[in-house]
Amino acid sequence: MVSKKALSERDIISKYILPAIEQSGWNMQTQMKEEVSFTDGRIFVKGRKTKRGIRKRADIILYYKANIPVAVIEAKDNNHAAGAGMQQALEYAEMLDIPVAVASNGDGFVIQYRNNCGQIGNNGKPIVTENADLDHFPTPDELWDNYKKYNKLETKKAAETSLCPYFFDAAGRTPRYYQRIAINRTVEAIARGEKRLLLVMATGTGKTYTAFQIIYRLWKSKIKKRILYLADRNNLITQTKKGDFKHFKDKCHIIKQKKIDTSYEIYLALYQGLTNYDDEADAYKNFSPNFFDLIIVDECHRGSVDADKAWHKILQYFSSATQIGMTATPKETKNLSNIEYFGEPIYTYSLKQGIDDGFLAPYKVLRVGMNVDLEGYRPERGKTDVNGEIIEDRLYNRKDFDRSIVIDERTDVVAKKIMEYLNNSEPMAKTIVFCVDIEHAERMRQALLRYAAPEITGKSDTYIVRITGDDPVAKGYLEDFINPEAPFPVIATTSKLMSTGTDTPALTRKERVENVRKRNYWAKYGENARRVLNALLDKYAETGIENIEEMQVLTIEPLKNLGTPAEIVKIFGGKEKYLAALKELENEIYAA
């Protein structure tokens, strides 16, 4: 018989830990997940190449119900003490907002209860840590009791509310760990009777999907029956309705032209679409004050908490509703405060955390110093503008540029620098240029065109477009811009329409591979060479391949079946031609 000391960590889990969990009444298909990767690994950029860091991965997570995790378990082989994995378990438990951390080496379990969620011990105080042998691992109901205590779910109704189900679609999309935390904390806060809630989540981390799951759980369980989703940009409303909210089908309605229909259950509206210059004519007053049970305010930093604005009156009018503010940048000034209105954030997922986790790409700031920006601009005495009017004699600075004074040379320099960067890196990369106003956006579009590569502008008149709210054609441009399969437009100048919340998805690896395979660049290669390149594409679609032109790729699993490294190189006619083919393949993927 093999000694337990000789077993690997994997063997310890399968032979000792999992049987002990199952013996305590856990459903191993629905309540247990192994090797749970919950981050994507930070993205590291070097030139045009990217590489991902190591993903964070928990050995085992136990769930009372789907997306309700109650314990995280870290295992070690039997040459370690039973509690050797506890620090790792506690780190993951804190990050994943899980109440119980467990460590094991196959001899037994060390269990630590976070935030005083353990049962009361003989000394009258909550148990913080305890040991359990393999025959006495906590049952699902026992860990559920810890979860309720951890989240202050003190009544039967509150506990039942916290278990209302998530939406599961056919595509198998599930919340990322931070979205799950935001969703659960919000539902649990509502279950405790809280009425004003604030979620802070960095741009690009999926606030709309988070809002959808919150609404779905509360609506489907009939806890909140009539719901209002407020935003201040038309594109935020339309893309929300076409995106995640499409699953509400005919129960969901966009309020347009201030026309109110009270027969729906879920409403999407612009602040502006519910208010009027004449207070008596405000459209939202066609609803009774207690009509809505729940209101979600998207991008709430942009005016909803400003008591001097009509938008705030909507929230005051529906004061009986539970109100959730969502923002990437909470506003705190002398006169404005998201926190004063909604309260302290119940969860914050920052830009830094998103980058560290690999869900957001790291950014690089390229600073270009222009003399008028650094030193200011003062016109010569008697200088006139293009209309022959004398320019006021004073010092102008960056706050004035493209507002009270337009310096065409400055616009030209900015455009030139932008296009130099894109032309020398990736001219087909989706790019947004934010401008002061609509007129500035048009001037910038024209300036960018002057420096764009002719071989690209010759392919489409919509390589560079202006997407602003005043232009009805811009709606079509916006839909194409955020469509990963539409090659044009590539560069959009805008003022406010696209400043926040516009979903512009990048192509997935699978989509890139499909685009590469549609091209006829394969024709010049023989059948065996195409098999090699196809194998590399399959591997890239599955997991990605860093530094694809390096010789090390010859050792990856798909290529092993096609021959030795020397044999594969020979297929292409030598090492140089092989490396050239791989370099071309990398370029094809990059441009897909």
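Quick note: the coordinates plus some simple rules give every number you see, no bench work behind them. On a predicted model such as this, the values are computed, not experimentally measured, just so you know. Heads up, the Cβs are rebuilt from the backbone with ideal geometry, glycines too, and the neighbour counts pull from every protein chain shown.
Checking every one of the trypsin sites (Lys or Arg not before Pro) in the stretch 357-427 against DSSP loop status and a limit of 13 other Cβ atoms within 10 Å picks out 364, 367, 381, 383, 394, 399, 403.
Rounded to the nearest 20 Debye, what is the dipole magnitude of the chain about its Cα centre when Lys and Arg each give +1 and Asp and Glu each give -1 at the C-beta?
600 debye
Counted over the stretch 1-153, the DSSP beta bridges are approximately 85% antiparallel. A simple count of charges around residue 486, restricted to other residues whose Cβ falls under 9 Å of its Cβ and scoring Lys, Arg +1 and Asp, Glu -1, yields -3.
Using the Cβ-Cβ distance between residue 261 and residue 567 with R0 = 45 Å, the FRET efficiency computed as 1/(1 + (r/R0)^6) comes to roughly 0.05.
Considering only the chain, what is the antiparallel percent among its DSSP beta bridges, to the nearest 5? Don't skip to the answer; put the middle values down first.
On the way: 28 of 66 bridges.
Approximately 40 percent, going by the DSSP bridge assignments.
Measuring against 29 Å, Cα to Cα, the residue pairs 56/222; 430/583; 65/207; 65/249; 539/575; 416/524 contain 56/222; 416/524 as the ones spanning a longer distance. Remark: spin-label model distance residue 409-residue 424 equals 2.3 nm, labels positioned 7 Å along the Cα→Cβ axis. Net length available on complete extension from residue 363 to residue 473 is 36.5 nm, with 0.36 nm assigned per residue and the Cα-Cα distance removed.
By counting other Cβ atoms within 10 Å of each Cβ, how are 300, 117, 164 ranked from fewest to most? Before the final figure, lay out the partial values.
Numbers: 300 27, 117 21, 164 17.
By the 10 Å Cβ count, ascending, the order reads 164, 117, 300.
Length gained on full extension, residue 455 to residue 154, computed as 0.36 nm times the residue gap minus the Cα-Cα distance: 101.7 nm.
Shown for 227, 260: other C-beta atoms within 10 Å of each C-beta, ranked fewest to most, produce the order 260, 227. Simple point charges give the picture: +1 on the Cβ of Lys and Arg, -1 on the Cβ of Asp and Glu, and for the stretch 158-357 a dipole about the Cα centre of about 580 debye. Across q = 0.16, 0.23, 0.24 Å⁻¹, the stretch 1-106 modelled as identical point scatterers on its alpha-carbon atoms has Debye log10 I(q)/I(0) values of -0.74, -1.23, -1.30, in the order of the q list.
Quote to one decimal, in nm, the extra length available between residue 129 and residue 286 on full extension: 0.36 nm per residue of separation minus the C-alpha distance between them.
Taking 0.36 nm per residue and subtracting the Cα distance, the gain is 50.8 nm.
Starting from the stretch 387-464, pick out the GluC sites (Glu not before Pro) whose DSSP state is loop and whose Cβ has at most 14 other Cβ atoms within 10 Å.
Taking the stretch 387-464 and a limit of 14 other Cβ atoms within 10 Å, the loop GluC sites (Glu not before Pro) found are 389, 392.
In terms of other Cβ atoms within 10 Å, 73, 190, 339 run from fewest to most in the order 339, 190, 73.
Legend: calculated FRET efficiency, residue 251 to residue 344, from the Cβ-Cβ distance at R0 = 45 Å, rounded to 0.05, equals 0.85. Mean residue ellipticity at 222 nm, helices only, the chain: -10000 deg cm²/dmol; runs of at least 4 DSSP H residues each add -39,500 (n - 2.57), and the sum is divided by the number of residues. Using the Cβ-Cβ distance between residue 242 and residue 393 with R0 set to 56 Å, the FRET efficiency from 1/(1 + (r/R0)^6) comes to roughly 0.60. Computed over neighbours whose Cβ is under 11 Å from that of residue 36, the net charge equals +1, Lys and Arg +1, Asp and Glu -1.
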